[in-house]
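Colleague: Got a structure for you, written out below as structure tokens; questions coming shortly.
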Amino acid sequence: MIKILAQSWTEIEARLQIDWIVVNACLQFAIWGLFSVVLAEILRDSYHALCHQVNWLAKWHNKHHMAYRRDLSVVSLKAYQDSQLYHDILESGLLVVLLTVIALVVQQTGIWLGVAYACSFLYGASIRYFQGKIDTDYNHLPGPLVTIPSVWWVNRSYHWRHHFDDVNAYYSGVFPLVDKILGTGLSLKGKTVALTGASGALGQALAALLLKQNAKVVALTTNPEKLATHTGLKVVSWQLGQEDELRDSLEKVDILIINHGVNVYTSRTQEAINSSYEVNTFSALRLMDIFLTTVTGPQAKATKEIWVNTSEAEVSPALSPLYELSKRTLGNIVTLKRLDGDCIIRKLILGPFKSQLNPYGVMSAQQVAHAILFLARRDFRNIIVTINPLTYVLFPLKETSTWLYYRIFSKTAKSS
């Protein structure tokens, strides 16, 4: 009996034995295949970027831009077909040739997956050129923009910005990898940016950098006298609790940066509690709600944004309990509001920098401001700037779990 059992076990072992040669070949194919698809995207989007920098390429590429009206409807079928011939077919044809040469030189089977990926673009462009199949061009379908620009892939709202927000940005076609590398995932040129807490250290540093980016800056401040001598700023005075009076000013704003706050440090009096929540939480939320009412019109979802300074206190101690509590409440409600997709909402998760709220900060406001804009231009929705390495681990875990919980157990008024 024992001999029979041992023999049976040996047979089972033999059947279950893994063929590592096959496994290795499959892994190698998958790795090279993934690499080839990423390479195809980089080459394709880099060519697109060059079309906006090199004059003789721009001559052909401009036919693509001339084919669409602001609502992405085509000017004419002929103009659309010309755009497919002189841009899409040319671009994808060059991509197929280049990837084929790479596949022949490298001699890895997985590379041919990238060639097939490139061929799919060539096929689609050819169908659109020869048959005028406009409805297969998903990122150029006409009509209002009903979703915000995606952070993971290029959707209609994301690509619309390349045509009508800034043609020298938003180059990516499928995955926004190249835009993240080049810093063209968000253009600030010509944008009207309103900034609360504008008289503070970070507010002034951000305003100066935004002006250098050719943005129009509206300084929303409760201390207008501190900004009276600043050039290039439009200063708008406001008072806590009177946020609704800013509605007309916010109508013309593209990006609202909510940056004001208060720190009562060790105090825990009733007055300190009320002040912390009123300034750090409720005032910020009222401004968000007012701004969200201005997200109207067929293209507003592509251009309107809110940036909220919730601070590192969302996940780390700030040696000020009421500051932590009020900022964490704000951060959690911002996460909840993001689920509605009314417009892009970015969080600024900032570590200690030297300011009136924190004279012992280890970073300078200028350093923090530079880092914020560096990451914003790469379309980071959670902008973490700190010297604490734990925040880069703890915040994504906290944000993801909170987002998932809210998504499962809450719903919008529209869907209830």
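The values are calculated or read from the model by the stated rules, or taken from the named source; none is laboratory data. Predicted model, so just to flag it, every value in this text is computed and none were measured. Using ideal geometry, Cβ is built from the backbone for each residue, glycine included, and neighbour counts are taken over all protein chains shown.
Colleague: Going through segment 363-416 one residue at a time, which ones are in contact with a strand residue (DSSP E or B) (Cβ under 8 Å, 6 or more places away or on another chain), of a type outside the set (Phe, Trp, Tyr) and part of a helix (DSSP H, G or I)?
Modeller: First pass over segment 363-416, keeping only residues in contact with a strand residue (DSSP E or B) (Cβ under 8 Å, 6 or more places away or on another chain): 363-365, 367-368, 371-372, 375-376, 380-387, 391-392, 395-396, 399.
Now restrict to residues that are of a type outside the set (Phe, Trp, Tyr): 363-365, 367-368, 371-372, 375-376, 381-387, 391, 396, 399.
Scanning segment 363-416 gives Ala365, Gln367, Val368, Ala371, Ile372, Leu375, Ala376, Thr391, Pro396, Glu399.
Colleague: Name the helices (runs of 4 or more DSSP H) wholly inside segment 239-349 in which the number of residues that are assigned by TED's automatic domain parsing to the domain that holds Glu399 and among the polar types (S, T, N, Q) is 3 or more.
Modeller: Per the criteria, 270-277, 321-338.
Colleague: On the given criteria, is Ala198 surrounded by fewer than 16 Cβ atoms within 10 Å (Cβ to Cβ), among the hydrophobic types (A, V, I, L, M, F, W, C), out of contact with any Gly (no Cβ under 7 Å at 6 or more places or on another chain) and at pLDDT below 95?
Modeller: no
Colleague: Condition test on Val362, is it touching a residue at least 12 places away in the same chain (Cβ under 8 Å) and either farther than 21 Å from Leu339 by Cβ or more than 23 Å from the chain's Cα centre (by Cα) (or both)?
Modeller: So Val362 fits the description; yes.
Colleague: Something else: Name the single residue, out of those in segment 128-153 being among the β-branched types (Val, Ile, Thr) and exposed (fewer than 14 other Cβ atoms within 10 Å of the Cβ), that is modelled with the lowest pLDDT.
Modeller: Kept after step one, since they are among the β-branched types (Val, Ile, Thr), are these residues of segment 128-153: 134, 136, 146-148, 151.
Applying the additional criterion that residues be exposed (fewer than 14 other Cβ atoms within 10 Å of the Cβ) yields 136, 146-147.
Details: Thr136: 83, Val146: 93, Thr147: 95.
Taking the candidates together, the pick is Thr136.
Colleague: When residues of segment 338-389 are filtered for being among the hydroxyl-bearing types (Ser, Thr, Tyr) and over 14 Å from Asn309 (Cβ atoms), how many remain? Talk me through it step by step, then tell me what you get.
Modeller: Residues of segment 338-389 that are among the hydroxyl-bearing types (Ser, Thr, Tyr), as a first pass: 355, 360, 364, 386.
Within this subset, residues satisfying the condition of being over 14 Å from Asn309 (Cβ atoms) are 360, 364.
Summing the residues that are among the hydroxyl-bearing types (Ser, Thr, Tyr) and over 14 Å from Asn309 (Cβ atoms) in segment 338-389 gives 2.
Colleague: If Ala125 satisfies every condition in (1) in contact with a helix residue (DSSP H, G or I) (Cβ under 6 Å, 6 or more places away or on another chain); (2) under 24 Å from Asp165 (Cα atoms) but one, which is the exception?
Modeller: (2)
Colleague: Further, regarding this structure: Got at least one residue in segment 215-238 being surrounded by fewer than 15 Cβ atoms within 10 Å (Cβ to Cβ), within 15 Å of Ser355 (Cβ to Cβ) and over 23 Å from the mean Cα position of the chain (by Cα)?
Modeller: Taking every residue of segment 215-238 in turn, at least one turns out to be surrounded by fewer than 15 Cβ atoms within 10 Å (Cβ to Cβ), within 15 Å of Ser355 (Cβ to Cβ) and over 23 Å from the mean Cα position of the chain (by Cα).
Colleague: Tally up the residues in segment 286-318 that are more than 25 Å from Trp238 (Cβ to Cβ) and in contact with an Asp or Glu (Cβ under 9 Å, 6 or more places away or on another chain), please.
Modeller: Number of matching residues: 9.
Colleague: From the list Leu404, Leu350, which one is of a type outside the set (Ser, Thr, Tyr) and buried (at least 21 other Cβ atoms within 10 Å of the Cβ)?
Modeller: From the options Leu404, Leu350, the qualifying one is Leu350.
Colleague: Evaluate segment 71-80: report whether one residue or more is modelled with pLDDT of 90 or more, crowded, with 19+ Cβ neighbours inside 10 Å and not in a loop (DSSP other than H, G, I, E, B). Steps first, answer last, please.
Modeller: Residues of segment 71-80 that are modelled with pLDDT of 90 or more, as a first pass: 71-80.
Adding the requirement that they be crowded, with 19+ Cβ neighbours inside 10 Å leaves 72, 80.
In the following step, the residues that additionally are not in a loop (DSSP other than H, G, I, E, B) were identified as 80.
Scanning segment 71-80, I find at least one residue that is modelled with pLDDT of 90 or more, crowded, with 19+ Cβ neighbours inside 10 Å and not in a loop (DSSP other than H, G, I, E, B), so the answer is yes.
Colleague: Can we say Glu243 is modelled with pLDDT under 90 and more than 24 Å from Leu373 (Cβ to Cβ)? Lay out the reasoning, then the answer.
Modeller: Numbers: modelled with pLDDT under 90: no; more than 24 Å from Leu373 (Cβ to Cβ): yes.
Against the criterion (modelled with pLDDT under 90 and more than 24 Å from Leu373 (Cβ to Cβ)), Glu243 does not qualify.
Colleague: Could you say which residue among Leu104, Leu90, Leu94, Leu113 is in contact with a helix residue (DSSP H, G or I) (Cβ under 6 Å, 6 or more places away or on another chain), farther than 30 Å from Ala376 by Cα and assigned by TED's automatic domain parsing to the domain that holds Ala30?
Modeller: Result of the check over Leu104, Leu90, Leu94, Leu113: Leu113.
Colleague: Among the residues of segment 224-248, which ones are within 23 Å of Asp289 (Cα to Cα) and touching a strand residue (DSSP E or B) at 6+ places or on another chain (Cβ under 9 Å)?
Modeller: The answer is Lys234, Val235, Val236, Ser237, Trp238, Leu246.
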